[in-house]
2 protein chains.
Amino acid sequence: MKIEYELIKKDKTTGARLGLIHYGDKTYETPMFMPVGTQATVKTLSPEQVAETHAGIILANTYHLWLRPTPEIIEKAGGLHGFMNWHGPILTDSGGYQVFSLAHNKKKDITEEGVHFKSELDGRKLFLTPEESIKIQNMLDSDIAMSFDECPPATADRTYLKNSIERTLRWAERGKKVHQNPNQCLFGIVQGGPHRDLRKWSAEETVKLGFDGYAVGGVANDDEEKEAMYQAVEYSVPYLPEDKLRYLMGVGEPVDLVECVARGIDIFDCVSPTRLARHGNALVWGVNYPKNAKKSGAKEKRINLKNARFTEDFTPIEEDCDCYTCKTYTKAYIHHLVKCDEAFGKTLLSIHNIRFLIRLTEKMREAIRNDAFDEFRREFLSS
Amino acid sequence: MKIEYELIKKDKTTGARLGLIHYGDKTYETPMFMPVGTQATVKTLSPEQVAETHAGIILANTYHLWLRPTPEIIEKAGGLHGFMNWHGPILTDSGGYQVFSLAHNKKKDITEEGVHFKSELDGRKLFLTPEESIKIQNMLDSDIAMSFDECPPATADRTYLKNSIERTLRWAERGKKVHQNPNQCLFGIVQGGPHRDLRKWSAEETVKLGFDGYAVGGVANDDEEKEAMYQAVEYSVPYLPEDKLRYLMGVGEPVDLVECVARGIDIFDCVSPTRLARHGNALVWGVNYPKNAKKSGAKEKRINLKNARFTEDFTPIEEDCDCYTCKTYTKAYIHHLVKCDEAFGKTLLSIHNIRFLIRLTEKMREAIRNDAFDEFRREFLSS
């Protein structure tokens, strides 16, 4: 089912925006954090547990679902919503990111037509094209499909990037041409690496093609390159239409959510809350300035529940958190589960971490509503 | 909180009984299957998901909780119920079974005083006595504690068993003497291996000591020894008082539940539903007579969701099952999760398998209520 974006309010001192996503008779507010269900399941959680975190849109990965169980199976099942029992909106990525970034895809061959690579599951030769990516996403029946773009390596030079943007624009156009699903939005993706002029050019040309929403891609998501990420957003967002959603792909560190909402981003996704959880970590409020970071920059604050100091800690992860985990369980219990490698420990931490990021977006919305976003941002960065 | 057993109805043609367990203002029916939460968590499930299977009592393992997180921690947390968020009844075993059976406890040293062995976690020397077992279970604050008994090896001869029963009786008496918790029931355990006279003697002497309920222990739980298991129950049950609960420890195969309810057992526990789930298996209705079994006997019917034949099977595991899994998900989806080794696949199968055994007990209760238990049993065995 198509989503409709409605801009509600623009912050006066920053680029932050409050918005609504209409989805049938449901409405969701932005800024929004979207949990990731790579294999048609948000790792370690039931859909009910995901819903309890107040999640709106969730993600699923085209690359993984293409290989397994295959789009044919999901289409026969009546689409992703029924298959995985998620009846809120679903966004699928294009598959491009995984094709370009996963280690086993190092031997990929990028041509004008598309990308040749080998399946990680059985070594089978695969070929992903802009048309194929859209066709797969159509079959998955997600609500938002992404254009197939090249994700250039971080080391790419200006000339490489220029050619890559041109190809990505041709791919976006080809994808749009075959996109036939009236019930599915199609988003375009802005590339351009760290270059102001290339970002502007990529954004303007992508907007000319005309999409239902726009993503900022190819941002350096690296602790030492925070400023580069924020700049890439700053260089892209001004050229995007105000009445469309803006999506920053693959970013989910709390400080990045705040900094990129300040620069006009509406929606985010990241595997980090569930990945951190599987390693025993819980996000906690505030930011952390690591002493040894080469380039200084705020990082997330977290605690690792494996730590022996939690053995007798009978308080929740966060006293003022309203998540199921914090309302119900102590750190001592979660510590015990993590030490025993019990699955329920990962579930409890995933619930907390996802709810943490969603609560952060709720606080940002509230701040924008109350003309207090910049104050909130400063307070958060010094907390 | 202490439980009270109330016998409601005795079947006319078999030993089956319909009963009630009163627990504060809650009431549960027997025959009952009790899911196992070894480490203070029913593996891969939240307490809400366990409750949704209509579970009544759940089990926790004294041995495991003694080693980790330790009874001191659980006592400081206010007891097991709050620690693990389970507000129905909890039964703890005595720790004896693990001390005697776990492979790393092969070098145990059994004395009159208790059992010396080494911790599986850190090699620390440990000593478990009847008094210590009761003290630990008191600290855990379970609702039903079990007496510390010797679990003799299956190969034990008559002389060994006789001495073992005598020691177990002395241990039961010592345990009872130190059991001070007015809010906790204490159950005795009948041993005696395959011998009719030893079972009778063990049962009578244990009953003389006087407990709140009785378990049948040391039954051969082996596919090739079904008859021996049923006999051990037959040899023990007639000497147990009618107004007390009868518990068959560690038995959870569907056919064994039916056969042992027919012989007068009220409650069962087993790790099998969650263990089977973690290996991709779902219990399905009916019994299976394996062709190659040395001693014939009915076994559980199950399907393995890893099997490729479920790739495009868009039906639930069981059409008439009312569990969350069967009401919501197809075999194709669970097959996909199992193939991807996603935790939620184990969760869905655990829910189904536990609910399967609980539904089986519900059907048995209904049959006893309607004077149709023997018919139900025959139908089940030929289904």
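Before we move on, is B:V42 modelled with pLDDT of 95 or more, within 14 Å of chain A (Cβ to nearest Cβ) and in a helix (DSSP H, G or I)?
It is false that B:V42 is modelled with pLDDT of 95 or more, within 14 Å of chain A (Cβ to nearest Cβ) and in a helix (DSSP H, G or I).
Among the residues of segment A:337-350, which ones are assigned to a helix (DSSP H, G or I), crowded, with 21+ Cβ neighbours inside 10 Å and more than 27 Å from the chain's Cα centre (by Cα)?
Of everything in segment A:337-350, just one residue is assigned to a helix (DSSP H, G or I), crowded, with 21+ Cβ neighbours inside 10 Å and more than 27 Å from the chain's Cα centre (by Cα), namely A:L337.
Take B:E75 and decide whether it is on the phi < 0 side of the Ramachandran plot and assigned to a loop (DSSP other than H, G, I, E, B).
It is false that B:E75 is on the phi < 0 side of the Ramachandran plot and assigned to a loop (DSSP other than H, G, I, E, B).
Does segment B:170-197 hold any residues that are over 19 Å from B:Y247 (Cβ atoms) and in contact with a Leu (Cβ under 8 Å, 6 or more places away or on another chain), and which are they?
B:E173, B:H195, listed by residue number.
Taking the residues in segment A:320-329 that are surrounded by fewer than 17 Cβ atoms within 10 Å (Cβ to Cβ) and assigned to a loop (DSSP other than H, G, I, E, B) as candidates, determine which candidate is nearest to the other protein chains (Cβ to nearest Cβ).
Here the answer is A:D322.
From A:I334, A:I354, A:I317, grab the single residue that is of a type in the set (A, V, I, L, M), more than 9 Å from every other protein chain (Cβ to nearest Cβ), touching a helix residue (DSSP H, G or I) at 6+ places or on another chain (Cβ under 6 Å) and not in a helix (DSSP H, G or I).
Only one candidate passes the filter, namely A:I317.
Give A:D212, A:D197, A:D243 a once-over and let me know the one that is without any contact (Cβ under 8 Å) to a residue 24 or more places away in the chain and either under 22 Å from the mean Cα position of the chain (by Cα) or assigned by TED's automatic domain parsing to the domain that holds A:T129 (or both).
Just one listed residue meets the conditions, A:D197.
Among the residues of segment B:78-88, which ones are in a helix (DSSP H, G or I) and either within 9 Å of another protein chain (Cβ to nearest Cβ) or among the acidic types (D, E) (or both)?
Answer for segment B:78-88, where residues must be in a helix (DSSP H, G or I) and either within 9 Å of another protein chain (Cβ to nearest Cβ) or among the acidic types (D, E) (or both): B:G82, B:F83, B:M84.
Residue-by-condition table, conditions (1) out of contact with any helix residue (DSSP H, G or I) (no Cβ under 9 Å at 6 or more places or on another chain); (2) of a type outside the set (A, V, I, L, M, F, W, C); (3) not in a loop (DSSP other than H, G, I, E, B):
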{"site": "A:Y160", "(1), (2), (3)": "yes, yes, yes"}
{"site": "A:W171", "(1), (2), (3)": "no, no, yes"}
{"site": "A:K177", "(1), (2), (3)": "no, yes, yes"}
{"site": "A:F187", "(1), (2), (3)": "yes, no, yes"}
{"site": "A:G193", "(1), (2), (3)": "no, yes, no"}
{"site": "A:W201", "(1), (2), (3)": "no, no, yes"}
{"site": "A:E205", "(1), (2), (3)": "no, yes, yes"}
{"site": "A:E227", "(1), (2), (3)": "yes, yes, yes"}
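Residue-wise test of (1) free of Cβ contacts under 8 Å to residues at least 12 places away in the same chain; (2) surrounded by fewer than 21 Cβ atoms within 10 Å (Cβ to Cβ).
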site: A:E4; (1), (2): no, yes
site: A:I74; (1), (2): no, no
site: A:S94; (1), (2): no, no
site: A:H116; (1), (2): yes, yes
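Suppose we keep only residues that are surrounded by fewer than 21 Cβ atoms within 10 Å (Cβ to Cβ) and in contact (Cβ under 8 Å) with a residue 60 or more places away in the chain within segment B:51-70. Which one would you say is farthest from the other protein chains (Cβ to nearest Cβ)?
The residue in question is B:H54.
The values are calculated or read from the model by the stated rules, or taken from the named source; none is laboratory data. In this text the structure is predicted, and so the values were computed from the model without any measurement. As a convention, Cβ positions derive from the backbone with ideal geometry for all residues, glycine included, and neighbour counts pool all protein chains shown.
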